[in-house]
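J.: Quick one: the structure is below, questions incoming.
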Amino acid sequence: MDTATISLPIRDRMRPLRYLWRVPLLLLHTVLAILLAAFVISWNRHSVMQDGREPFAHKMIRWWSTMMLRIFGLRSVRFGQPLADSVLFVANHTSWIDIVLLHSQRAVCFVAKAEIARWPLVGWLAASGGTIFHRRGSNHSLAAVMQVMVERLRAGRSVAVFPEGGTGHAGVLKVFHARIFQAALDAETPLQPVALRFARDGKRIVDAGFREHESFMANFLRLLGSEPMDAEVHFLQPVPATPDARRKMAELSRERIAAALEDRDT
């Protein structure tokens, strides 16, 4: 039985007060992001982990992301341990804030839709952090993205992808596209599934991400005024490489993520 919690449309009297103090903090934090990107991250975009030691720029990305989550009332909680760079991380995807959540634990290069590159400020910040942009539906773009992923992995950077190919809603975990898993095989790097889960009192909240037909701005504002909750990052058992069997790797990753998303008393 699925006991995942869906928020009810009841009046939240504290929401206006949360906006009152969270909006100014968000504006200040955005200015800080611009300064970090301009004077720290952009100058160290090729930094990699050495002997398990995290570069200063990566620490700043994690710190900024953790603070960003707190402004939204989210407490980042880690389960398990991420492998040392370089790793191909594959995660479930329900919201734009998934990127911030994973960044709070490990500074990685994300693969994101090309439209983000054109967003004011956000596109520049994403590019500064090493985001690899992909035009959905374009095989040529995917081939180029795969090549960049392999290059980054071989150079010592970790890469994170959302193999569902888009955000889901209502707690549904979609089919994982297998082709993206080829990057781990080509770069000969480990593959680690990551389950991103939002919860209160241990119970999963499935509508913390996008609701059906909900716009980015609507989701952004809803989360900004929401009650506090936990944002969990579950680093799961690595999936063994199986050459010529990307589908098996994708299915096993999905199975492990699905199991981690379930409430423990179900």
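The values are calculated or read from the model by the stated rules, or taken from the named source; none is laboratory data. What you are looking at is a predicted structure, and each value in this text was computed from that prediction instead of being measured. Neighbour counts are summed over all protein chains in view; Cβ atoms, including those assigned to glycine, are modelled from backbone coordinates with ideal geometry.
J.: Could you tell me how many of the residues in the stretch 120-163 are touching a strand residue (DSSP E or B) at 6+ places or on another chain (Cβ under 9 Å) and either assigned to a loop (DSSP other than H, G, I, E, B) or basic (Lys, Arg) (or both)?
T.: The qualifying residues number 11.
J.: Let me ask you something else. Go through the stretch 151-165 and count every residue that is on the phi < 0 side of the Ramachandran plot and under 17 Å from the mean Cα position of the chain (by Cα).
T.: 8
J.: Now, a different point. For the stretch 12-71, name all the residues that are out of contact with any strand residue (DSSP E or B) (no Cβ under 6 Å at 6 or more places or on another chain) and among the β-branched types (Val, Ile, Thr).
T.: Answer for the stretch 12-71, where residues must be out of contact with any strand residue (DSSP E or B) (no Cβ under 6 Å at 6 or more places or on another chain) and among the β-branched types (Val, Ile, Thr): Val23, Thr30, Val31, Ile34, Val40, Ile41, Val48, Ile61, Ile71.
J.: Assess whether Arg154 counts as being of a type in the set (D, E, K, R), in contact (Cβ under 8 Å) with a residue 40 or more places away in the chain, surrounded by fewer than 23 Cβ atoms within 10 Å (Cβ to Cβ) and farther than 23 Å from Glu214 by Cβ.
T.: Answer is yes for this residue.
J.: Could you list, in sequence order, all residues of the stretch 142-181 that are touching a helix residue (DSSP H, G or I) at 6+ places or on another chain (Cβ under 7 Å) and either over 22 Å from Arg254 (Cβ atoms) or among the acidic types (Asp, Glu) (or both)?
T.: Within the stretch 142-181, Val150, Arg154 meet the criteria.
J.: Find the helices (runs of 4 or more DSSP H) located wholly in the stretch 181-266 whose residues include 2 or more that are surrounded by fewer than 14 Cβ atoms within 10 Å (Cβ to Cβ), over 17 Å from the mean Cα position of the chain (by Cα) and at pLDDT below 90, and list them.
T.: Here the list is empty.
J.: Take the residues in the stretch 102-119 that are out of contact with any strand residue (DSSP E or B) (no Cβ under 8 Å at 6 or more places or on another chain) and of a type in the set (A, V, I, L, M, F, W, C), then tell me which one is farthest from Leu196 (Cα to Cα).
T.: Trp119
J.: What tally of residues in the stretch 207-241 results from selecting those that are without any contact (Cβ under 8 Å) to a residue 60 or more places away in the chain and either farther than 25 Å from Val90 by Cα or in contact with a Phe, Trp or Tyr (Cβ under 7 Å, 6 or more places away or on another chain) (or both)?
T.: Matching residues across the stretch 207-241 total 4.
J.: When only residues in the stretch 77-91 that are surrounded by 21 or more Cβ atoms within 10 Å (Cβ to Cβ) and in contact with a strand residue (DSSP E or B) (Cβ under 6 Å, 6 or more places away or on another chain) count, which is nearest to Arg197 (Cα to Cα)?
T.: Selected residue: Ala91.
J.: Yes or no: Phe235 closer than 25 Å to Met67 by Cβ and of a type in the set (Phe, Trp, Tyr)?
T.: yes
J.: Right, here's the next one. Quick one: which of Arg53, Arg106 is basic (Lys, Arg) and crowded, with 17+ Cβ neighbours inside 10 Å?
T.: Exactly one of Arg53, Arg106 is basic (Lys, Arg) and crowded, with 17+ Cβ neighbours inside 10 Å, namely Arg106.
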